[in-house]
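The values are calculated or read from the model by the stated rules, or taken from the named source; none is laboratory data. Everything numeric here is computed off the predicted structure, so don't read it as measured data. Neighbour counts are summed over all protein chains in view; Cβ atoms, including those assigned to glycine, are modelled from backbone coordinates with ideal geometry. Note: areas computed on protein heavy atoms with side chains; ligands, DNA, RNA excluded. Shrake-Rupley method; radii C 1.70, N 1.55, O 1.52, S 1.80 Å.
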Amino acid sequence: MNETILNKILDKHHIPAYRYFEVTDSTNTQAINWISQGAEEYSLVIADAQTAGRGRSGRKWITTPDASIAVSIIIHPTTEEQDRLGLFSLLGGYALMATLNNQYGIRSQVKWPNDVLIDNKKTAGILAETVWQGDKLQGLVLGIGINIKESSIPSTIDLLFPATCIQSHTKKEIEAESLLGHLMGNLTYLRKTMLMPPFIDQYKSNLAYMDQLISIDIGDKNLVSGVLHGINPQGELILIESSGNKRTFPIGDIKLRPQ
Ligand code: BT5
């Protein structure tokens, strides 16, 4: 990234501080360390490449130099937000989806709980992690990995789900620094609505596989199938099984697949 442009854009979005790395292990790891040193709300850790980028449950996230963005946003959730921490993962995905749709005219969707899809392929993944001292929340790190250029798309042997990148879906040149600025603008705005019913409704209207038959992998090779019925105010997925039984799934480590 160009640091002069980055600095100007982040300043415009009132980002209090940021740490930028050409390469780091994981921006989430850096952000977690920074929280224990007293990082302010909306401080950012940004990297062009990661050597140990992570997804959920120890899975790997690949960030390619000059082709991707890895960003970790430091958040200090309010007391009300602390009752619904799972919504942050949804907020990250929704804010990026809104950026692609509104600022770049690229039709994208959210895939519950932590992906952004373009044309049914993953272009970004979100990893929200919390830092606790005893039972007191010190902060939350919202890590977002975004594929921008073609070379960011990992080889299929590294993938559980098809992948794409933003640049393949627009002729407009994507500048990583501006994309980050738009993302932060949308995220800070949408966070104010996150606990209100319209947020859940809007999320549902942009949810991949809504009203379709899907399977949920609940671990140990156990699959639960049903029709995706939406999400509840906690951000949990609602599935209707063929028996008519309604089940909800919390944002844990479960994988959703189309059938
Ligand atoms: C995620 O996990 O999708 C969350 C990824 C979060 C990455 C960000 S980057 C900034 C911050 N710092 C970090 O260290 N992490 C966060 P999950 O749903 O578990 O998906 C992981 C799976 O996505 C992998 O097992 C691969 O199949 C696939 N994958 C890995 N890299 C990818 C990429 N660049 N594009 C598309 N899919 C990818």
Notebook entry, point to check: Can you tell me how many residues in segment 162-186 are in contact (Cβ under 8 Å) with a residue 60 or more places away in the chain and not in a loop (DSSP other than H, G, I, E, B)?
Noted result: 13
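Residues that are within 9 Å of the ligand (Cβ to nearest atom) and within 16 Å of the chain's Cα centre (by Cα): find the helices (runs of 4 or more DSSP H) completely inside segment 1-98 holding 1 or more of those.
Working: elements: 3-12, 27-36, 79-82.
Of the helices (runs of 4 or more DSSP H) lying wholly inside segment 1-98, those with at least 1 residues that are within 9 Å of the ligand (Cβ to nearest atom) and within 16 Å of the chain's Cα centre (by Cα) span 27-36.
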Next item on the list: Identify all residues within segment 209-240 that are within 25 Å of Leu91 (Cβ to Cβ), hydrophobic (A, V, I, L, M, F, W, C) and modelled with pLDDT under 90; write none if there are none.
Entry: Ile216, Ile218
Note to self: Quick check on my filter: what residues within segment 99-113 are assigned to a strand (DSSP E or B) and either away from the ligand (no atom under 11 Å from the Cβ) or surrounded by fewer than 17 Cβ atoms within 10 Å (Cβ to Cβ) (or both)?
What the structure shows: Ser108, Gln109, Val110
Margin query: Exactly one of these conditions fails for Met210: (1) in a loop (DSSP other than H, G, I, E, B); (2) crowded, with 20+ Cβ neighbours inside 10 Å. Give me its number.
Written below: (2)
Next item on the list: Please go through segment 129-161 and pick out each residue that is touching a residue at least 40 places away in the same chain (Cβ under 8 Å), more than 7 Å from the ligand (Cβ to nearest atom) and either closer than 17 Å to Glu40 by Cα or over 17 Å from the mean Cα position of the chain (by Cα) (or both).
Entry: Glu129, Thr130, Val131, Leu137, Gln138, Gly139, Leu140, Val141, Leu142, Lys149, Glu150, Ser151
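In segment 230-251, is there at least one residue being closer than 30 Å to Ala49 by Cβ and open to solvent by 10 Å² or more (accessible area, probe 1.4 Å)? Before you say what the answer is, go through the steps one by one.
First, the residues of segment 230-251 that are closer than 30 Å to Ala49 by Cβ: 251.
In the following step, the residues that additionally are open to solvent by 10 Å² or more (accessible area, probe 1.4 Å) were identified as 251.
Within segment 230-251, one or more residues are closer than 30 Å to Ala49 by Cβ and open to solvent by 10 Å² or more (accessible area, probe 1.4 Å).
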Margin query: Taking the condition of being loosely packed, with under 12 Cβ neighbours inside 10 Å and not charged (D, E, K, R), how many residues in segment 7-21 meet it?
Written below: 1
Note to self: Residue under question is Thr4, and the condition is that it be of a type in the set (Ser, Thr, Tyr), closer than 17 Å to Ala176 by Cα and buried (at least 21 other Cβ atoms within 10 Å of the Cβ); does it hold?
What the structure shows: no
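Test Asn102 against the criterion of being in contact with a helix residue (DSSP H, G or I) (Cβ under 9 Å, 6 or more places away or on another chain) and modelled with pLDDT under 95, and give yes or no.
It is false that Asn102 is in contact with a helix residue (DSSP H, G or I) (Cβ under 9 Å, 6 or more places away or on another chain) and modelled with pLDDT under 95.
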